[in-house]
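Have a look at the structure below, then the notes.
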Amino acid sequence: MKAALLTEIGKFEIRQIPDPKIFNDTDVLVRIKTIGVCGSDIHYYKTGKIGSQIIKFPFIIGHETGGVVELTGNKVAKVKPGQRVAVDPAVSCGHCDQCTTGRENTCRKLLFLGCPGQLQGCLCEYIVIDEKSCFPIKDTTTFEQATLSEPLAIGVYSVDRSMITLSADTAILGAGPIGMSVFHALRARGNNNVFITDKIEDRLNFAGTLNPRWSGNPDRTDIVKEISKINPLLMDVVFECSGDPRAVIQAIDLLKPGGTLVIVGITETDEISFPIHELRRKEITIINIRRQAHCTQKAIDLLEQGKINMDAMATHHFSLEEIQKAFDMVAGYKDGVMKAIISI
Ligand SMILES: [Zn+2]
Ligand SMILES: [Zn+2]
């Protein structure tokens, strides 16, 4: 099959490699139709790693995808050949202490598509993945929507885990695909009090389509000052979706005493510092988000029921051969790109 291999930092090569084979009875061979370029893919592209997950080149990255079932193992009951599916890129073991307590996303033996040392990614024509990760979609749902259900699931999970109330004053720092997924998830459940920030004007304009209460650029305005003018009591919940360590500090400044900081964004550095006295004085709760659990179907339902429409998020389209161009565009935040979609 044809595959886009990351052969060194910042460089892809299109090569022919052997087709993946069904190995276990619960394996499904999926023919890939679309792949979304994720911020985490960009970390691998720019630095070859995320924390201790370090790429051994060449490697296939990519994990946001939709496709068609081509073949199934003997015991697969969930899907049949020809079924169109969204793919949950995480495969949990189903047996460890985490899995048995409903925390599959922190499974001790978690395997993730396109994660070094775990599973080969989906920037190629076929993948083999456990049936648990295959989610049937309607014929009217596009592969692009299936692909977008992956980041949306993280938004839905982040909002679920924040235990946010309907009237809560909420800020989202970072209006990229994950920040927008959080925004969509909040709007779908009726939260209308959303303040949003980003350093890229195109992204603020994009966020404007969901009618935030206020939006602003931290490079141009003192966002804490501006938001406190509108809302002197400050925020109940802040979702940090930018991965910028300075935004974490802003988030803490923006929170009211007893507020909740939800860390969704992935930083490029291994360590960041927190103003510990401020955290203690305000008694801030910090919630970390590790991908998502139990939210893939919820995200698909929200899209299929028309409660969320994220189609506008797929701003740029490329073929597999144009992969380098797609990654350079996303890495450089060029041309107002939100989500670049690769079609095969
Ligand atoms: Zn992703
Ligand atoms: Zn497990």
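Values quoted throughout were computed directly from the atomic coordinates according to the rules given, and no laboratory measurement underlies them. Keep in mind that this is a model prediction, so the values were computed, not measured. Note that we place each Cβ from the backbone using ideal geometry, even for glycine, and neighbour counts take in every protein chain shown.
Cα-Cα over 26 Å: which of Lys78/Lys138; Lys199/Lys298; Lys33/Lys298; Lys75/Lys109; Lys307/Lys339; Lys229/Lys307? Provide the component values of the computation, followed by the final result.
Numbers: Lys78/Lys138 14 Å; Lys199/Lys298 30 Å; Lys33/Lys298 22 Å; Lys75/Lys109 22 Å; Lys307/Lys339 20 Å; Lys229/Lys307 32 Å.
Lys199/Lys298; Lys229/Lys307, as the Cα separations exceed 26 Å there.
Mind giving me the nanometre distance, one decimal, between the label points for Lys80 and Thr100, set 7 Å out from Cα along Cα→Cβ?
Going from the Lys80 label point to the Thr100 one covers 3.6 nm.
Taking the Cβ of each residue in Ser167, Ser273, Ser215 as the centre, tally the other Cβ atoms inside 10 Å and list the residues starting with the fewest. Could the numbers behind the result be given before it?
Details: Ser167 11, Ser273 8, Ser215 21.
So the ranking, lowest neighbour count to highest, is Ser273, Ser167, Ser215.
Taking the dipole about the Cα centre of the chain, with the C-beta of Lys and Arg at +1 and of Asp and Glu at -1, give me whichever of Phe327, Met310, Ile252 is farthest to the positive side.
The listed residue farthest towards the positive side: Ile252.
Just subtract the alpha-carbon distance of Arg189 and Lys229 from 0.36 nm times their residue separation and send over the number in nm, one decimal.
Details: separation 40, 0.36 × 40 = 14.40 nm, distance 2.65 nm.
Length difference between fully extended and current span is 11.8 nm.
To the nearest 0.05, how large is the calculated FRET efficiency for Asn288 and Thr7 if R₀ is 30 Å and r is the Cβ-Cβ distance? Each step should come with its number before you reach the end.
On the way: r = 33 Å, r/R0 = 1.09.
The pair Asn288/Thr7 has a calculated efficiency of 0.35.
Quick check: the distance between the Cα centres of region 6-71 and region 209-279, to the nearest angstrom?
33 Å
I need the helices of the chain that pass two filters: whole DSSP H segments spanning 24 Å or more by Cα along the axis, and mean Kyte-Doolittle score no lower than -0.5.
Details: long enough: 143-162 (29 Å, 0.10).
Once both thresholds are applied, what remains is 143-162.
By how many nm would the segment from Gln305 to Leu210 grow when fully extended, if each residue of separation counts as 0.36 nm and the alpha-carbon distance is taken off? Display every interim value, and only then the final one.
Numbers: separation 95, 0.36 × 95 = 34.20 nm, distance 1.80 nm.
Extending this stretch completely gives an extra 32.4 nm.
For region 52-211, state what percent of all Cα-Cα pairs lands in each successive 10 Å bin, counting from 0 Å until the bin that includes the largest distance.
Taking all Cα pairs of region 52-211, the binned fractions are 10, 29, 34, 22, 5, 0 percent.
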